[in-house]
2 protein chains.
Amino acid sequence: MKPLSPTDQLFLWLEKRQQPMHVGGLQLFSFPEDAPDDYVARLADQLREHTLVTPPFNQRLDYRFGQPVWVEDEHLDLEHHFRFEALPTPGRIRELLTFISAEHSHLMDRERPMWEVHLIEGLGERQFALYTKVHHSLVDGVSAMRMVTRTLSEDPEQRGMPPIWALPPRVRSESGEGASLWRSVGHLLGESGKQLGTIPTVARELLRTVNEARKDPAYHSIFHAPRSVLNQRITGSRRFAAQSFCLKRIKAVCQAYGTTVNDVVTAMCATALRGYLMNQEALPAKPLIAMVPVSLRRDDSSGGNQVGVILANLHTDEPDPAERLVKIHQGMQEAKERYAHMSPEEIINYTALTLAPAAFHLLTGMAPNWQTFNVVISNVPGPGETRYWNGAKMEGMYPVSIAMDRLALNMTLTSYNDQVEFGLIGCRRTLPSLQRMLDYLDEGLAELEAAAGL
Amino acid sequence: MKPLSPTDQLFLWLEKRQQPMHVGGLQLFSFPEDAPDDYVARLADQLREHTLVTPPFNQRLDYRFGQPVWVEDEHLDLEHHFRFEALPTPGRIRELLTFISAEHSHLMDRERPMWEVHLIEGLGERQFALYTKVHHSLVDGVSAMRMVTRTLSEDPEQRGMPPIWALPPRVRSESGEGASLWRSVGHLLGESGKQLGTIPTVARELLRTVNEARKDPAYHSIFHAPRSVLNQRITGSRRFAAQSFCLKRIKAVCQAYGTTVNDVVTAMCATALRGYLMNQEALPAKPLIAMVPVSLRRDDSSGGNQVGVILANLHTDEPDPAERLVKIHQGMQEAKERYAHMSPEEIINYTALTLAPAAFHLLTGMAPNWQTFNVVISNVPGPGETRYWNGAKMEGMYPVSIAMDRLALNMTLTSYNDQVEFGLIGCRRTLPSLQRMLDYLDEGLAELEAAAGL
């Protein structure tokens, strides 16, 4: 029995039927060369034999004296958690994305450990997919990515590799810095000193702190995001879109403009948002602001990663793509320099205040007049070399994150081998034809290449 | 804009994440003889062309001055409602039931018209399935069955038949007597005279009425169901099990014992429950009581069907199967004779009181000391002859109903052609290995045949 941290409780509180709080990951594999045609069905049978489920995948939610706790599920029913499924004809990526869109819309069963692994056959020519779905209160996105990576090997010959739910448990908790963003909100409220208590208490505290910060010129700058269609109430159905981009192409653009990879992918997102919103005649006059979590490791730091947020001006009002990239780069540089002059305590406060308006809205449903950011663009590091799972080569891996009220779109990307993998999740009513954004991402990169004469 | 009836509001109130309030139907089809291998994918393409969605399938929930109303969905997204899916290898009925179990566990999106149609390929030898899911507040089970039947034809040559969401609307409302059971509860509370108002008001009224009825010797008999594992709190995941039985076999048993078809299927359910609970060492000493909705049409009635409930003693304490059938038959006869002497007003009151304890529990979560029944066994009439859908022969159709807190199992059956079709839906945690009940149903029929020397 282990009490939930206040941060993890937050993810339970925030969950509503139209706002599930689980994260996911989609992996694409190709069959090993010598694999039979019924390879995936055989794999399913093998996976079903892993009935010894390790922490945190054997932990279900319970309540003791009104407090949420994790307890071991003594009646774990693997058939509920591991599902073997198939794509309909013609089994293209399009059918896969439709499948993931529907699955990611479904709430998880709170009476059981909140994870599901879907093994998906019927994909193209001798390929298959794995979709892993975990509640954010159980595992955060970064830890989930790390656990997924632990199931893989660089050795194509290795066999007998367990699925994620049967990984040998680590001595150190998997839950770590990934949740730090939300932990910052807890810190703002003095999580360490007191129990969070009830939603009204938390919301009141948030509102008080935010209102005080708005008077402070040092924090005034974080309340400048425009209103946009991205910041409406969402519904319960999702659209997932994913695509791989060649890292070499992105690096060539970096070199041409003297920017970082992160600047270029942020600019691609900016261009995609601009194109999508212009097409809908809904581009705000003021530039969109993205919340970009960044790692702030310092040479002299003894601890783990420090996570902060950058409020990146996406310059969506700038028509020239090259100019847009340069401005984004400058903004990111300035933000990083600002961080360099801040103490860890100041960084935590800044981060928490950035998140506070969103947290306030999410907890109360009340839309305040101030908005600190319009969209989340998150870059989660992934494995740098080709990985295999029991001989099956992983062709790609895509994050599937969370859409929230007033944050109808989440753009999460990760790196794998020589690719940058984009995963976009959004509310499909608020953001119709979200999949078009993939084309706009592509155009965003092509425009930059063209402008640089590449 | 059309206000929801109090009965339909009830289904919204009763819904919780672990207790979805939608009903479903599963249809099995075989390919037309001349169909190509990609027949189902082509069918999916054809169905996607039916973008003109007719009432009630174009109605979504909205609120006006705090009251729920149906309004037309002006942004209807057919891709959300119609889904083309596939079964994994080896594509047996077992994989189909697993698929339906998972799908039926998912809550529907309340921001959209609450229906989904799943076209499922990859089933056995040139077969496919259709799973239709509709929220009970939109369409009740009997009406849904009637609408499904309207999509079918007795003519194998007929083509151009629309899917359920594009049926030409009927002049008379489809919503009818099927919902009468719940309407009875409304009647008990004087629905016609006043708005139901809030859940606490309704619950208080129910409690008062039930407590008064328990003192009345005339109603005393309806509070005699034992406690059982069927009457626990449920979780959000479901198990669906379905099977066809040959009507000829059942009719032969009827003749041998001088009973009705309904008596025999009720006895089969009784035997299945007895076997399942004995296997779990959980058979109550007192016999289980089933709530069986019955049609009470009278020769002199001018209106539509009158629906009442019979509290059928299932005699699960009786070890002899033949004896059990005879006792069930006698009980049913007595109940019908009792109804014959009751006025329509008395029938409504009796029905409402029978349902009231369950309604009280469902609304408040409080488990009273009295239980009026343990399980719902419902028999919905279906088409009597072979039906076709655009040339595809329907091989079977199975109801997928609702499991509720303290009513963890629902056994709904229907008739089709020369078959009786059983659809069992239950909470898969409260009732592990529910699918075994199919074997027990089979044994139930075989035992009766053996005892009669058939």
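The values are calculated or read from the model by the stated rules, or taken from the named source; none is laboratory data. Just so we're clear, the structure is a prediction, and the values are computed from it rather than from any experiment. No Cβ is skipped: glycine too gets one built from the backbone with ideal geometry, and neighbour counts run over all protein chains shown. SASA here: full protein model, heavy atoms, side chains in, ligands and nucleic acids out. Shrake-Rupley method; radii C 1.70, N 1.55, O 1.52, S 1.80 Å.
Quick look at the numbers
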read-out: Residue in the range B:293-308 that is in the same structural domain as B:Leu445 (by TED's automatic domain parsing) and at pLDDT 95 or above present; value: no
read-out: In the range A:7-41, the residues that are assigned to a helix (DSSP H, G or I) and out of contact with any Ser or Thr (no Cβ under 9 Å at 6 or more places or on another chain); value: A:Trp13, A:Leu14, A:Tyr39
read-out: Some residue of the range A:414-429 being closer than 16 Å to A:Leu277 by Cα, among the polar types (S, T, N, Q) and either within 16 Å of the chain's Cα centre (by Cα) or not assigned by TED's automatic domain parsing to the domain that holds A:Ser228 (or both); value: no
read-out: Only one of B:Glu385, B:Glu395, B:Glu421 that is over 14 Å from B:Met145 (Cα atoms), of a type in the set (D, E, K, R) and touching a strand residue (DSSP E or B) at 6+ places or on another chain (Cβ under 6 Å); value: B:Glu395
read-out: When residues of the range A:258-273 are limited to those that are part of a helix (DSSP H, G or I) and of a type in the set (Ser, Thr, Tyr), the one least open to solvent (accessible area, probe 1.4 Å); value: A:Thr266
read-out: Residue within the range B:128-145 that is part of a helix (DSSP H, G or I), modelled with pLDDT under 90 and open to solvent by less than 10 Å² (accessible area, probe 1.4 Å) present; value: yes
read-out: Residue in the range B:19-30 that is of a type outside the set (A, V, I, L, M), more than 14 Å from chain A (Cβ to nearest Cβ) and open to solvent by 50 Å² or more (accessible area, probe 1.4 Å) present; value: no
read-out: Residues being over 14 Å from B:Thr412 (Cα atoms) and open to solvent by 10 Å² or more (accessible area, probe 1.4 Å) - total across the range B:242-253; value: 6
read-out: Matching residues, the range A:55-95, being under 24 Å from the mean Cα position of the chain (by Cα) and either more than 13 Å from every other protein chain (Cβ to nearest Cβ) or in contact (Cβ under 8 Å) with a residue 40 or more places away in the chain (or both); value: A:Pro55, A:Pro56, A:Phe57, A:Asn58, A:Gln59, A:Arg60, A:Leu61, A:Trp70, A:His81, A:Phe82, A:Ile93
read-out: Any hit, the range B:54-75, residues being open to solvent by 60 Å² or more (accessible area, probe 1.4 Å), within 23 Å of A:Pro432 (Cβ to Cβ), modelled with pLDDT under 95 and in a loop (DSSP other than H, G, I, E, B); value: yes
read-out: Given (1) among the aliphatic types (A, V, I, L, M); (2) in a helix (DSSP H, G or I); (3) under 16 Å from B:Arg17 (Cβ atoms), index of the condition A:Ala102 fails; value: (3)
read-out: Condition check for B:Arg239: within 14 Å of another protein chain (Cβ to nearest Cβ), out of contact with any strand residue (DSSP E or B) (no Cβ under 6 Å at 6 or more places or on another chain), open to solvent by 10 Å² or more (accessible area, probe 1.4 Å) and among the charged types (D, E, K, R); value: no
read-out: Residue in the range A:315-363 that is surrounded by the fewest Cβ atoms within 10 Å (Cβ to Cβ), counting only those that are in a loop (DSSP other than H, G, I, E, B) and of a type in the set (Asp, Glu); value: A:Asp320
read-out: Some residue of the range B:284-306 being part of a helix (DSSP H, G or I), in contact (Cβ under 8 Å) with a residue 40 or more places away in the chain and of a type outside the set (Lys, Arg); value: no
read-out: Those residues of the range A:34-47 which are more than 12 Å from chain B (Cβ to nearest Cβ) and charged (D, E, K, R), in sequence order; value: A:Asp34
read-out: Any hit, the range A:120-127, residues being at pLDDT below 90 and more than 12 Å from every other protein chain (Cβ to nearest Cβ); value: yes
read-out: In the range A:225-260, the residues that are charged (D, E, K, R) and touching a residue at least 24 places away in the same chain (Cβ under 8 Å); value: A:Arg227, A:Arg233, A:Arg238, A:Arg239, A:Lys248, A:Arg249
read-out: Inter-residue pairs, beta-carbon under 8 Å, first farther than 17 Å from A:Lys133 by Cα and in the range A:144-164, second of a type in the set (Lys, Arg) and not in a helix (DSSP H, G or I), 6+ apart; value: A:Leu152/A:Arg387; A:Ser153/A:Arg387; A:Glu154/A:Arg387; A:Pro156/A:Lys393
read-out: Candidate set: the range B:96-118, residues that are over 21 Å from B:Ser237 (Cα atoms) and surrounded by fewer than 23 Cβ atoms within 10 Å (Cβ to Cβ); chosen: the one farthest from the other protein chains (Cβ to nearest Cβ); value: B:Arg112
